[in-house]
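Beneath this line is the structure, given in structure tokens, with notes to follow.
Readers should treat all values here as calculations from the given coordinates under stated rules, not as data from a laboratory. What you see is a predicted model, and the numbers here were worked out from it, not measured in a lab. Note that we place each Cβ from the backbone using ideal geometry, even for glycine, and neighbour counts take in every protein chain shown.
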Amino acid sequence: MGMTVIDPGFLTTVQDQGRRGYMDRGFSPAGALDGFSFRLANFLVGNPLEEAALEITLRGPSMMFDGAGFIALTGADIQPLLNGKPLAMNRSAAVAPGDILYTSFALCGLRSYLAVAGGLDIAKVLGSRSTNLKARLGGFKGRKLESQDHIKFPRIPPGEHGIQSCEGRSFVPPRRGILKGLGLIRPYTPAEPLLLHVAEGRQARLFSLRGLRTFYGSLYTVENDSDRMGIRLEGPAVAAAGDAGIVSDGIALGAVQVPGSGKPIVLLHDRQTTGGYAKIGAVITRDLWLLAQAPGGSAVRFKRIDPRRAERIYIKTEKTIKLLMS
């Protein structure tokens, strides 16, 4: 039992929390770009939060189910219909054999997540089910979904593993103010630039004071050719103090790399494992989730943050998510 792809949408891949511990062998982690929406989808259908799900970009897929189960859609609103009737986002729903799920273009965001109760029957590769598109590794045959692909999911008898009780489970946070304070449910709005906090690294000294003032004082725009590897930004060039080329070193998630053009690139889950351009620092994890929802043309700006404060934000964010999804 499972689901058959009628229309794959723009870019739909299998993702989990990523492939850890293989960057030294040249494999980027991959994994869900919006960690909050990804985990929320799993929570709504009673899965472990790290279970594999479908990550949907820009325009969603259409699916036909040949088995009974529960599904949930989170992240950007892709206007889902189940058998022609509106289906609520952020709420679990039952599906039956023959049911058809239709989705459309994303509203107020870019990426959505589809989780199925019991998870997806996808083999792990190097400890993860995530799709690495560059290496054609993991996920469904190492690629994005295509028409007629059939993805299996396990048959779970009613009442087993608490799955039955997930029907109609919705996300209406009782402590919404806390989530707003953490920045986890703030949708992108064109009138308000997305603020990205950057914890600087040692290579920040390779940029001139004028260059750093430009970086923190300017508005940048997300370019349309951004992808899971990195978010390319259009805006004022960031000047180096001299030759900003370095001996290639490892690249952390969220690293803000500045190539010869001076235009910053925020590197994401499918980033190269090493690089020879200087990096100002790294965007904090919580802000990366928001950046993952920013379509081409979105305005962003940067703000310096003390690494110790960044660590506290990360710990607080994780504790809050565990509290809400326990």
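Bins of 5 Å, beginning at zero and ending with the bin holding the largest distance: percent of Cα pairs per bin for the range 211-260, please.
Cα pair-distance distribution for the range 211-260, in percent: 4, 16, 25, 24, 22, 8, 0.
To the nearest 0.05, how large is the calculated FRET efficiency for residue 309 and residue 143 if R₀ is 45 Å and r is the Cβ-Cβ distance?
FRET efficiency, residue 309 to residue 143: 0.65.
Restricting to lysine pairs 8 or more places apart or on different chains, what number in the chain have Cα atoms under 26 Å apart?
For the chain, the number of qualifying lysine pairs is 21.
Enter the mean projected area of the convex hull around the alpha-carbon atoms of the range 84-160, in nm², rounded to one decimal.
7.2
Bin all alpha-carbon pair distances of the range 198-326 at 5 Å intervals from 0 and give each bin's fraction as a whole percent.
In order of increasing distance, the bins hold 2, 11, 21, 23, 20, 14, 6, 2, 1, 0, 0 percent.
Which is farthest toward the positive dipole end of the chain among 62, 43, 314, measuring Cα position about the Cα centre, with Cβ charges +1 (Lys, Arg) and -1 (Asp, Glu)?
So the residue furthest toward the plus end is 314.
How far, in degrees from 0 to 90, does helix 35-44 lean away from the longest principal axis of the Cα atoms of the chain, to the nearest 10?
Orientation of helix 35-44: about 10 degrees from the principal axis.
May I ask for the equivalent-ellipsoid semi-axes of the range 2-172, computed as the square root of five times each C-alpha gyration tensor eigenvalue and listed largest first in whole Å?
Each semi-axis is √(5λ); the values are 24, 17, 15 Å.
Which order do 221, 57 fall in if you start with the one that has the fewest other Cβ atoms within 10 Å?
Arranged by neighbour count, lowest to highest, 221, 57 become 221, 57.
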